[in-house]
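The values are calculated or read from the model by the stated rules, or taken from the named source; none is laboratory data. Predicted model only: the values in this text are computed from it and were never measured. Glycine also receives a Cβ, built like all others from the backbone with ideal geometry; neighbour counts cover every protein chain displayed. Areas reflect the complete protein model, heavy atoms only, side chains present, ligands, DNA and RNA absent. Shrake-Rupley method; radii C 1.70, N 1.55, O 1.52, S 1.80 Å.
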Amino acid sequence: MSEEHDYDLVVIGAGGAGLAAAVSAAEGGLRVLVLESEDEIGGSTQLSAGMLTASATGVQRELGVADSPARMFQHYMDLNQWRVLPGPTRAFCERSGPVVDWLLDLGVEIPARFSGDAHTPGLTRAGVEDVWRGHVPVDQGYGLVLALDRARRRLGVDLALGSRATDLLLGPDGVRGVVVDDASVTAESVVVASGGLARDPDLVREHLPDAAIAGEHLFVVAAPGSRGDHVRLAERHDLALFGSGWGLLLVTAEFQRFHHWRSGFPPPSRLHVDSRGNRCMDEDAPYAVSPGILADHGGWVWAVFDEAARTALPPGYADWTAERVLAEVESGVVRRAGTLDELAALIDVPARNLTASVERFNALMTAGVDEDFLRHESLAAKGADPHLAPVATGPFHAVRMVPGELVCTHTGLRIDDRARVLDTAGRAVPGLYAAGEAAGGVLGERYVGGGNSVAHALVLGRTAGSEAARRHSSQEHRH
């Protein structure tokens with residue numbers, strides 16, 4: 001490397017994607033600087049359960065789970081109706097297993113045991129996949145970030161906190177570095193891993209209009225740095241974007257304000273009914289697909305439950321507790337009535353339909369077999385008893401369930417299968433890469449399941465860092 005550049009690689013963002021890129025590039029011998037706009041590392045990865053969706057891993061093999069990248073690819077593409085980019089998506093599926101093995105080598109612990117949920121370490125059912133692919137690490141997203149940061153320090157990668165890259169230095173031969181505040185940092189390659197756009201309301205309105213369905217009940221759980229910096233870079237430099245209109249919105253009650261591990265969970269004995277009072281879905285449908293089901297019913301449904309279910313809610317959570325539900329009755333968000341007929345009037349649905357829905361739900365779920373929506377299978381997959389108590393004890397309650405929790409956005413810089421950023425003419429910009437939510441092409445309309453975005457961040461980050469190292473090596477040989 002000639003010393004004409006300050007660094008061989010500058011990485012914008014110190015979340016999972018940026019750290020994976022930095023460590024991978026440093027393993028390849030590059031001098032790397034990581035810029036982080038916030039005062040701590042980790043981004044949205046640190047806030048997550050840390051689960052990674054991956055195929056053909058050592059953890060799967062130890063548990064006797066047969067899987068392949070080809071199988072994961074077919075499932076991923078079909079679920080997204082082949083609207084994501086096939087080349088980058090296939091590369092993601094093929095590299096997901098090796099990235100899990102790489103993380104294990106870095107000290108991440110993912111025990112070879114089956115897990116019943118996203119918070120118990122092991123292999124779990126992450127969503128609607130045909131084979132269990134959710135790899136849950138010990139210490140969750142925080143553990144992933146710690147392991148990557150240990151490797152960063154060991155490899156001598158520089159980190160600058162409170163340093164927001166405001167522009168790229170681009171010339172006719174490709175990227176030349178970045179602008180940080182009023183200073184320039186030159187580099188042979190740059191990885192844009194600055195996160196999504198969930199924290200910028202204007203960009204959310206433009207690129208994820210479905211977020212407006214929840215209205216004032218929308219809340220954002222993405223990291224503070226998710227301000228859409230990559231979108232502004234795209235506009236300034238004629239870089240292509242992909243994935244507009246897509247993102248992950250989780251279904252929550254209107255009074256929820258936190259992710260479920262703080263918020264708590266709605267009572268199991270509840271049914272979801274549409275604006276006609278008819279039960280319309282498996283109430284435990286994976287969050288990968290439940291917003292799409294809601295979209296077929298006007299964007300939201302009513303969750304109906306009884307007094308026994310309310311009083312059985314466990315204490316200690318921020319939102320779903322017996323006391324909080326009563327408080328939300330007072331505020332008018334939760335409707336409460338002595339009989340189903342009175343509740344139907346409060347939520348403006350035909351009483352005949354609501355009563356019939358409740359009676360049908362009670363008959364099916366007390367028997368433990370949901371012939372209509374197969375909810376017993378979803379419950380069993382979580383290790384929960386498919387036999388539910390009847391919704392029969394007044395007073396009865398109803399609260400609207402909306403796509404209210406904005407987790408991540410999928411509008412990113414369009415990439416190829418090597419994580420190289422493409423311009424609006426479809427050409428790869430020499431030396432410019434993207435990873436995580438700042439990369440568009442793989443995260444689609446349908447979120448494949450828990451671990452989709454974390455694996456996407458780390459796989460593309462590792463790809464980008466490795467490609468930057470390969471490019472550096474080829475240029476050195478040329479000189």
In segment 205-238, which residues are under 24 Å from L35 (Cβ atoms) and open to solvent by less than 30 Å² (accessible area, probe 1.4 Å)? H207, A222, A223, G225, S226, G228, D229, H230, V231, L233, A234
Any idea which residue in segment 170-202 is nearest to the chain's Cα centre (by Cα), counting only those that are among the polar types (S, T, N, Q) and part of a strand (DSSP E or B)? S189
Enumerated strands (runs of 3 or more DSSP E) restricted to segment 381-477, each holding at least 2 residues that are over 24 Å from G195 (Cα atoms), in contact (Cβ under 8 Å) with a residue 60 or more places away in the chain and touching a helix residue (DSSP H, G or I) at 6+ places or on another chain (Cβ under 9 Å): 396-409
Here are G426, G451: which of them is over 14 Å from V84 (Cβ atoms), out of contact with any Asp or Glu (no Cβ under 8 Å at 6 or more places or on another chain) and modelled with pLDDT under 95? G451
Can we say W132 is out of contact with any Cys (no Cβ under 6 Å at 6 or more places or on another chain), of a type outside the set (S, T, Y), within 21 Å of F73 (Cα to Cα) and not in a loop (DSSP other than H, G, I, E, B)? no
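Can you list the helices (runs of 4 or more DSSP H) lying wholly within segment 26-116 that have 1 or more residues being touching a strand residue (DSSP E or B) at 6+ places or on another chain (Cβ under 6 Å), at negative phi and not aromatic (F, W, Y)?
In segment 26-116, the matching helices (runs of 4 or more DSSP H) lie at 43-47, 58-62, 86-105.
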Taking segment 123-151 on its own, how many of its residues are farther than 18 Å from D284 by Cα, touching a residue at least 24 places away in the same chain (Cβ under 8 Å) and either of a type in the set (A, V, I, L, M) or surrounded by fewer than 23 Cβ atoms within 10 Å (Cβ to Cβ) (or both)? 16
Quick check: is even one residue across segment 271-284 under 21 Å from H217 (Cβ atoms), small (G, A, S) and open to solvent by 10 Å² or more (accessible area, probe 1.4 Å)? yes
Starting from segment 57-78, take each residue that is more than 17 Å from R125 (Cβ to Cβ) and open to solvent by 30 Å² or more (accessible area, probe 1.4 Å) and list its partners that are part of a helix (DSSP H, G or I) and at pLDDT 95 or above, counting only C-beta distances under 8 angstrom and pairs at least six apart or across chains. P69/R90; P69/C93; P69/E94; P69/S96; P69/G97; A70/C93
Mind counting the residues in segment 285-321 that are assigned to a helix (DSSP H, G or I) and either in contact (Cβ under 8 Å) with a residue 60 or more places away in the chain or under 29 Å from the mean Cα position of the chain (by Cα) (or both)? 10
